[in-house]
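Chemist: The structure that follows is given in the form of structure tokens.
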Amino acid sequence: MKYTCPDLKLLELNGAIPAWQVVIEASELQVLCQKVADGGGRLVALWACDERASLSRFVLHAVLVNEAGLLCLHLPLPQEFPVYPDISGIFSCACRMQRTVFDMLGLTASGSQDMRPWLRHGAWPENSFPLRKDFDEAGRQEADNYPFVQVEGQGVHEIPVGPVHAGIIEPGHFRFSIIGERVLRLEERLGYVHKGIEKRFENNSLLFGAKLAGRVSGDTTVAYAWAYAMAAESIANVVVPKRALWLRALLLERERIANHLGDLGYLSNDVAFSFGMSQFWILKEQVLRNNAALFGHRYLMDKIIPGGVGVDLTETATLLAECDLLEHEVKLLHSILEEHAGVQDRYIGTGCVAPALAAQLGLCGMAGRASGQSWDARVQHPCAPYDQLDVQMATHQNGDVAARVIVRFDELFESLRLMRDIIAKLPSGNVLAIPLEKLPGNGFCLGMVEGWRGEVLVAIHTDAEGNITRVHPHDPSWQNWPVLEHAILGDIVPDFPLINKSFNLSYSGHDL
Amino acid sequence: MYQILKQIIKTGIKTEAPPLADESLRAGEQRLQQKVLEVFGSALNIRLVDAGSCNGCELEIHAVNNAYYNLEGLGIKFVASPRHADLLLVTGSVSRHMEVALKRTYDAIPEPKLVVALGDCGCNGGIFGESYASLGRVSNVIPVDVVVAGCPPTPVEIMQGILTAVSCKK
């Protein structure tokens with residue numbers, strides 16, 4: 001299958017995932033987005049670059065995905081008038097991305113309904129843009145008074161929550177408008193952990209970037225490091241040793257297993273079933289300890305580097321024993337949770353996102369699959385070694401907390417199967433090609449990996465000398481945070497921690 | 001219910017002395033509990049603020065509460081409000097957007113209070129450093145008693161950091 005756009009000159013983009021790119025004009029943006037949306041495609045990421053120094057322009061980049069692969073649109077905009085047509089009417093998840101493109105680069109989406117700042121609070125002034133090359137770091141502004149949407153009526157009141165939350169979680173603000181205990185509206189305000197990651201990539205070395213990519217969202221470090229390495233290797237046209245690719249998949253599945261175990265523990269905890277919490281966390285700790293013993297880091301940070309992996313697997317007995325243990329224990333815990341009336345009473349019907357709504361809002365990743373959105377990069381666009389592993393996608397139609405729990409269980413068992421399969425088929429040989437330290441000039445490529453939360457995309461741009469001028473890491477949380485606002489509607493405030501945990505979205509990966 | 005009880009019995013008690021040099025660390029653990037008793041009477045309450053971490057440190061803070069490390073078994077627990085806390089645990093290089101929230105949380109904790117900065121970012125700004133968006137190390141924003149390095153620090157290192165903080169309080 002291929003993108004069929006007879007009027008456009010699509011160029012195939014080098015990389016492990018099928019991808020095409022095309023330079024378009026402003027008038028074509030909405031038409032193309034609409035066409036992809038009509039065909040069931042989605043928006044993956046939206047970012048922009050400052051090319052004023054060399055070409056007197058800005059460029060807006062949008063990555064769309066459909067069954068054929070990725071389509072990357074490049075829209076050059078004149079520096080005097082950096083305005084592009086709004087696409088949030090087509091892909092609702094584009095809204096916050098467009099607001100961020102304005103905050104970071106000052107490009108305006110004309111026709112957008114929502115022009116409020118998104119990632120900018122008070123760290124830099126309104127008329128200053130951090131990702132412009134001539135950005136002055138000195139400017140500050142008092143924290144702005146963010147205009148939340150007001151809900152009015154008799155008996156309606158607001159509960160502001162955060163940015164510092166009650167538990168051990170990342171900071172963000174939630175504004176609930178409620179009547180009695182029922183939630184009428186939830187509005188999120190994120191950006192509290194914006195730490196300038198994208199700017200930090202600029203003009204730093206490729207290897208520093210690999211470390212930084214692994215810290216965009218600590219719980220997804222393997223997926224980010226892989227996506228970053230994939231983009232870099234595609235620009236440099238480097239062939240990664242087979243064994244390294246298989247080890248990457250092993251690490252990625254281990255990350256998925258560890259996170260799903262932890263989340264299942266917390267999903268038990270949030271319904272006051274502390275037995276589940278302690279059991280799942282015992283299992284997670286065992287996985288982490290095996291990670292430390294076999295690979296040298298509990299969360300596998302910095303193990304994937306451009307050109308290969310930095311660690312080899314010397315024995316497989318520990319992992320095979322771990323697979324057997326997890327399979328046995330998780331099956332048992334699964335049956336206990338399934339039969340526990342109190343637990344199921346809280347799970348079933350709570351935080352429901354019906355498939356139609358999920359499709360409309362672009363819900364993706366694990367939460368999307370629990371709402372009937374059957375997207376999994378390991379299945380649709382399998383890069384090596386997933387092309388030889390035949391991943392079985394886990395989906396569910398109900399879209400409630402219970403469905404997200406079921407999908408987690410299914411994916412956990414599938415990851416165990418994959419881990420055994422990978423160990424059995426692990427090719428011999430080197431794990432690192434010549435380490436990649438410098439990229440060719442004027443390069444641009446994408447890397448995309450199905451992390452445990454959903455698809456993680458990393459785009460790298462280089463200048464004429466091969467220096468990194470721009471890196472855009474994109475977390476699936478961008479798509480899924482807005483859907484959480486819908487999931488809570490009609491439920492009561494005490495359900496929110498449970499619903500939130502069932503999505504478990506990243507703040508750091510989103511705030512950058 | 002039968003299955004649950006059976007599993008609990010089968011699981012047994014997982015809590016262990018941290019798995020490095022055995023004796024010294026067991027001593028460390030006991031000292032921790034003793035110090036907590038001496039300084040705070042009965043228990044130590046911790047309030048966590050993520051001031052700009054990648055969430056890696058949070059993963060390990062969750063882990064200190066699992067059955068293996070069982071921090072709560074030592075009388076140390078995480079609380080929801082800074083008003084209930086004795087010790088403020090801070091992760092991340094402090095983002096400018098979290099500066100006010102961190103200061104307010106610090107101010108809301110009653111005296112005597114302790115601050116432990118966690119992870120390379122909290123200690124020295126780490127990989128995110130100081131920039132238009134980030135203020136770097138925690139001590140650039142609030143007074144810090146103890147720093148625990150690591151990316152992220154292991155649960156054992158986190159527990160040792162808490163011990164050190166409690167020990168140095170006179």
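Chemist: Among the residues of region A:313-334, which ones are within 17 Å of A:N269 (Cα to Cα) and either exposed (fewer than 13 other Cβ atoms within 10 Å of the Cβ) or not hydrophobic (A, V, I, L, M, F, W, C) (or both)?
Modeler: Selection gives A:H334 alone.
Chemist: Open to solvent by 30 Å² or more (accessible area, probe 1.4 Å), assigned to a strand (DSSP E or B) and not assigned by TED's automatic domain parsing to the domain that holds A:Q479: which single residue out of A:Q21, A:Q30, A:Q34 fits that description?
Modeler: From the options A:Q21, A:Q30, A:Q34, the qualifying one is A:Q21.
Chemist: Of all residues in region B:55-73, which are open to solvent by less than 20 Å² (accessible area, probe 1.4 Å) and more than 9 Å from chain A (Cβ to nearest Cβ)?
Modeler: B:V64, B:L71
Chemist: Taking only pairs six or more apart or across chains, which ones have beta-carbon atoms under 6 Å, a first residue in region A:209-220 that is within 8 Å of another protein chain (Cβ to nearest Cβ), and a second residue that is of a type in the set (S, T, Y)?
Modeler: Correct list of pairs: A:V216/A:Y224; A:S217/A:S506; A:S217/A:S508.
Chemist: Evaluate region B:119-126: report whether one residue or more is away from chain A (no Cβ under 13 Å) and under 30 Å from A:D475 (Cα atoms).
Modeler: Yes: region B:119-126 contains one or more residues that are away from chain A (no Cβ under 13 Å) and under 30 Å from A:D475 (Cα atoms).
Chemist: Suppose we filter region B:137-156 for residues that are in a loop (DSSP other than H, G, I, E, B) and farther than 15 Å from B:V49 by Cα; how many remain?
Modeler: Count: 7.
Chemist: When you go through A:Q279, A:Q286 one by one, which is the residue that is surrounded by fewer than 21 Cβ atoms within 10 Å (Cβ to Cβ), in contact with an Asp or Glu (Cβ under 9 Å, 6 or more places away or on another chain) and closer than 26 Å to A:H340 by Cβ?
Modeler: The conditions single out A:Q286.
Chemist: Let me ask something else. Looking only at region A:326-344, decide whether some residue is away from chain B (no Cβ under 14 Å) and touching a Lys or Arg at 6+ places or on another chain (Cβ under 7 Å).
Modeler: Checked against the condition, which is being away from chain B (no Cβ under 14 Å) and touching a Lys or Arg at 6+ places or on another chain (Cβ under 7 Å), region A:326-344 yields no hits at all.
Chemist: Still on this model: Report, by residue number, each residue of region A:416-459 that is within 19 Å of A:F280 (Cα to Cα) and either aromatic (F, W, Y) or buried (at least 24 other Cβ atoms within 10 Å of the Cβ) (or both).
Modeler: Residues satisfying the conditions are A:W452, A:R453.
Chemist: Restricting region A:143-170 to residues that are of a type in the set (A, V, I, L, M) and assigned to a loop (DSSP other than H, G, I, E, B), which is least open to solvent (accessible area, probe 1.4 Å)?
Modeler: Here the residue is A:I168.
Chemist: What number of residues within region A:73-128 are within 15 Å of A:R57 (Cβ to Cβ), open to solvent by 20 Å² or more (accessible area, probe 1.4 Å) and of a type in the set (F, W, Y)?
Modeler: Count: 1.
Chemist: Which residues, taken from region A:183-208, are among the hydrophobic types (A, V, I, L, M, F, W, C), open to solvent by 10 Å² or more (accessible area, probe 1.4 Å) and at the interface with chain B (Cβ under 10 Å from one of its Cβ atoms)?
Modeler: Hit for region A:183-208 is A:F208, nothing else.
Chemist: Can you tell which of B:D50, B:D86 is among the acidic types (D, E), at the interface with chain A (Cβ under 8 Å from one of its Cβ atoms) and crowded, with 20+ Cβ neighbours inside 10 Å?
Modeler: B:D50
Chemist: Keeping to region B:157-170, report how many residues are in a loop (DSSP other than H, G, I, E, B) and either within 14 Å of chain A (Cβ to nearest Cβ) or more than 20 Å from B:D107 (Cβ to Cβ) (or both).
Modeler: Adding up the residues that qualify gives 1.
Matching residues to (1) touching an Asp or Glu at 6+ places or on another chain (Cβ under 9 Å); (2) at pLDDT below 95; (3) more than 15 Å from A:A213 (Cα to Cα):
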site: A:R408; (1), (2), (3): yes, no, yes
site: A:P427; (1), (2), (3): no, yes, yes
site: A:I434; (1), (2), (3): no, yes, yes
site: A:F444; (1), (2), (3): no, yes, yes
site: A:A464; (1), (2), (3): no, yes, yes
site: A:I488; (1), (2), (3): yes, yes, yes
site: A:V493; (1), (2), (3): yes, yes, yes
site: A:D511; (1), (2), (3): yes, yes, no
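Chemist: I'd like the residue in region A:335-371 that is buried (at least 21 other Cβ atoms within 10 Å of the Cβ) and over 21 Å from A:L261 (Cα atoms) and, out of all such residues, is nearest to the chain's Cα centre (by Cα).
Modeler: Per the criteria, the residue is A:L363.
Chemist: Kindly list, by first and then second residue, each pair from a residue in region B:147-163 that is touching a residue at least 60 places away in the same chain (Cβ under 8 Å) to a residue that is part of a loop (DSSP other than H, G, I, E, B), limited to pairs with Cβ atoms under 6 Å and residues at least 6 apart or on different chains.
Modeler: Taking only residues 6 or more apart or on different chains, the pairs are B:P155/B:V64; B:P155/B:Y69; B:V156/B:P18; B:I158/B:V64.
Chemist: For region A:107-128, enumerate the residues that are more than 24 Å from the chain's Cα centre (by Cα) and either within 14 Å of chain B (Cβ to nearest Cβ) or of a type outside the set (S, T, Y) (or both).
Modeler: Within region A:107-128, A:G111, A:Q113, A:G122, A:A123, A:W124, A:P125, A:E126, A:N127, A:S128 meet the criteria.
The values are calculated or read from the model by the stated rules, or taken from the named source; none is laboratory data. All values reported here derive from a predicted model rather than from experimental measurement. All Cβ positions, glycine included, derive from the backbone under ideal geometry; neighbour counts span all protein chains shown. The area values use the complete protein model at the heavy-atom level, side chains included, leaving out ligands, DNA and RNA. Shrake-Rupley method; radii C 1.70, N 1.55, O 1.52, S 1.80 Å.
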